[in-house]
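Rule-based calculations on the coordinates, nothing more; no lab input. Just so we're clear, the structure is a prediction, and the values are computed from it rather than from any experiment. Every residue, glycine as well, gets a Cβ built from its backbone with ideal geometry; the counts of neighbours run over all protein chains shown.
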Amino acid sequence: MSIVNIKIEGIPYQVEDGLTILEAAKACGYEIPSLCAFNHGECNAGSCRVCLVEATGARGLVASCVYPVSEGMEVRINTPAAVEARRHSVELLLSNHNQNCQACDKNGWCELLHAAKLVGAREGAYAGEHAETFVDELAPGLIRDTSKCILCGRCIARCQNAHGLGILGFENRGFNTIVSPAENRSFADSPCIQCGQCVSVCPTGALMEHSEIDKVDEAFRAGKHVIVQAAPAVRAALGEEFGYPIGTPVTGKMIAALRRLGFERVYDVNFGADLTIMEEGTELLGRLTNGGVLPMITSCSPGWINYAEYNYGDLLDHLSSCKSPHQMQGAVIKSYWAEQHGVDPKDIFVVSIMPCVAKKYEKDREQLKVNGIPDVDAVLTTRELARLIMRSGMRFNKLPDEEWDQDIMGDYSGAGVIFGVTGGVMEAALRTVYFKLTGKEKDKITFEEVRGHEAGIREASLDINGTTVNVAMASGMRSAKILLDEIREGKSKYHFIEIMGCPGGCINGGGQPYVRPSLLPDEDDDILETYKEKRARALYSEDERQVIRQSHNNPQIKELYEKYLGEPNSHKAHELLHTTYQAKERFR
Ligand code: SF4
Ligand code: SF4
Ligand code: SF4
Ligand code: FES
């Protein structure tokens, strides 16, 4: 790492060579407003002109997010010309912006509003014509509101970098430019996998999850039995919304909050994760021993399922037929739980709290209904749960730590907890497969070979009682494509593959709290990796604290099979817990 000497406002600093002025200034304790840069090294489009500064060696003002530092450079952030230019840049963006902040879900996390405050933007400085705008709300997962878009291009970069998908792009020209799927289609009519990664990086309210808070309110008003279940990754990130350090598990307080919001039962999706492992592990063993289609690929990430149906319709028989954990658990609530409690399934309203936007789409899939009844009725993201808690007036930090409801599905194993991390489903499944093949628990429970948090591909080869099991994991469709193309070409050496839609898995899902470098100036430079790693650690530490760490040792799972489902993969289990897939037409 070489060092260069620079001056900012006449004060000498030594900074890493190769940094942009924006990054170098941040390292020296300055916050230059920025909107199109995202500090992930992937989104620096230099398009918004909000970060303008003066720098020696440059002609005129430069966009600090793309202009690199050099030896002897003198940077001026606070000259009248730079201050005025940044203010004009933001005022111009606001001149064509629907400023209904009080009704905007991004309020509180909006980077445009933050930048407007930093530069001292004046109201109505550039009154004039407004471009024609519209709202696309046809997709269950996402909403796109062109009146809030500042054309920064972050969403385009994120979709490309995470998935190699070019779903979003600039359409039209000049004043009429918009960012949209091809031919200005709705997300619902495009091969968008509804992962919500673009929502995570959008600095304004132009891209948002499709909120289902109103639906939940309506279910309470209608006097339904409203039952909630929360996914593992939610507890690892919800605290960020209430000022806890990144990676602080807030399980007990989250349960207390959900109970105080009025939910009749508060369950952990980890029970459903254990159930998934029982079904998926049995399915894998069946395929391994009976010459079934291999490699088998996990099916708990609906973003990935969407991608497979659009792009690899010829490989759908490789997918496990298992529903995802929250769908399985919803199906059990509306059958076994309903029977045990004498409740008509039609009067039950199941709400899933998820780190994921694609789960909103998943719950509406016809293939997941049992006798026309959906397993899950509403999906709220981690962010929506935070909004519900704030709306209720609860002071999250002051809540006691409470326990999950225990009836029927209160027990869970450590294997269920780590579902939220890439490699977690694989690790959980291997614990059970090992037991089934050897009749023994593996001494060392953690399969370190399959751990990690990088978005790339990882693989391992495990010798279990003389049977070699080759496994691989990928998260994000850019990585998954490599493994899928190998299968298509007949070159895959794997028996079992885990694919998660979002890079890093559910802890980095499109519904998790926003990562906002510009709002968190003291965070590490590589902020996204920091978030993924710390949230993942929160889940691994919960796994380590569990007494039961394998799904097949969960006593309530055993009881569910004994009393209701029979064996894993039984006829009843198939009716409730398994699903089908269908190739979809890809428009572009
Ligand atoms: S995107 Fe930001 S500035 Fe625009 S309406 Fe929403 S909160 Fe206000
Ligand atoms: S939801 Fe995912 S696939 Fe769809 S446009 Fe956004 S990043 Fe791309
Ligand atoms: S939708 Fe959001 S991220 Fe995409 S260009 Fe518009 S403001 Fe930027
Ligand atoms: S031009 Fe630098 S943040 Fe947009």
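So here's what we get for this one:
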quantity: DSSP-assigned coil residues among chymotrypsin sites (Phe, Trp or Tyr not before Pro) in the range 203-270, each with at most 13 further Cβ atoms within 10 Å; calculated: none
quantity: Evaluated at q = 0.15, 0.17, 0.19 Å⁻¹: base-10 log I(q)/I(0), Debye formula over Cα of the range 362-424; calculated: -0.88, -1.08, -1.20
quantity: Phi-based couplings in Hz for the range 272-282 (Karplus 6.51, -1.76, 1.60; Gly and Pro marked x); calculated: x, 5, 4, 5, 4, 4, 4, 6, 6, x, 5
quantity: Inter-probe distance in nm under a simple model that places probes 7 Å from Cα toward Cβ, at Arg395 and Ile373; calculated: 4.2
quantity: Pair His341, Lys117: separation of 7 Å Cα→Cβ label points (nm); calculated: 4.2
quantity: Cβ-based exposure ranking for Arg545, Arg431, Arg154, in which fewest neighbours within 10 Å come first; calculated: Arg545, Arg431, Arg154
quantity: DSSP bridge orientation in the range 166-286 - percent antiparallel, rounded to nearest 5; calculated: 50
quantity: P(r) histogram, all alpha-carbon pairs of the range 133-210 included - 10 Å bins from 0, percent; calculated: 21, 62, 17, 0
quantity: Cα gyration tensor, the range 3-93 - rounded (a/c under 1.5), prolate or oblate; calculated: oblate
quantity: Rg followed by Dmax, in Å, when the range 533-588 is reduced to its Cα trace; calculated: 17.9, 50
quantity: Difference of contour (0.36 nm per residue) and Cα-Cα distance, Arg260 to Arg586; calculated: 112.9 nm
quantity: Residues Thr133, Thr468, sorted so that the one with the fewest Cβ neighbours within 10 Å comes first; calculated: Thr468, Thr133
quantity: For the range 70-87, 3J(HN,Hα) per residue [Karplus equation, 6.51 cos²θ - 1.76 cosθ + 1.60, θ = phi - 60°, Hz, x = Gly/Pro]; calculated: 8, 4, x, 5, 10, 10, 10, 8, 9, 6, x, 5, 5, 4, 5, 5, 5, 5
quantity: Around Cys48: net Lys/Arg minus Asp/Glu count, Cβ-Cβ under 15 Å; calculated: +3
quantity: In order through the range 108-113: 3J(HN,Hα) via Karplus (6.51 cos²θ - 1.76 cosθ + 1.60), integer Hz, x for Gly, Pro; calculated: x, 10, 7, 6, 5, 5
quantity: Antiparallel bridges, percent of DSSP beta bridges restricted to the chain (to nearest 5); calculated: 55
quantity: Asn78-Asp364 FRET efficiency (beta carbon distance; Förster radius 51 Å; 0.05 resolution); calculated: 0.45
quantity: Computed lengthening from Glu129 to Glu544, 0.36 nm per intervening residue step minus Cα-Cα distance; calculated: 143.5 nm
quantity: At most 14 other Cβ within 10 Å, DSSP loop - trypsin sites (Lys or Arg not before Pro), the range 1-61; calculated: Arg59
quantity: Amide H within-cut-off set for Met73, under 5 Å, with H built and near neighbours excluded; calculated: Lys7
quantity: Pairwise FRET efficiency - Ala27 versus Glu459, Cβ, R0 = 35 Å, nearest 0.05; calculated: 0.45
quantity: Convex hull projection area averaged over all views, the chain, Cα basis, nm²; calculated: 27.9
quantity: Arg265 long-range amide H proximity, modeled H, under 5 Å; calculated: Val228
quantity: Exposure proxy order (Cβ contacts within 10 Å, fewest to most) of Asp274, Asp145; calculated: Asp145, Asp274
quantity: Linear extension gain, Ser95 paired with Asp217, 0.36 nm per residue minus alpha-carbon span; calculated: 40.4 nm
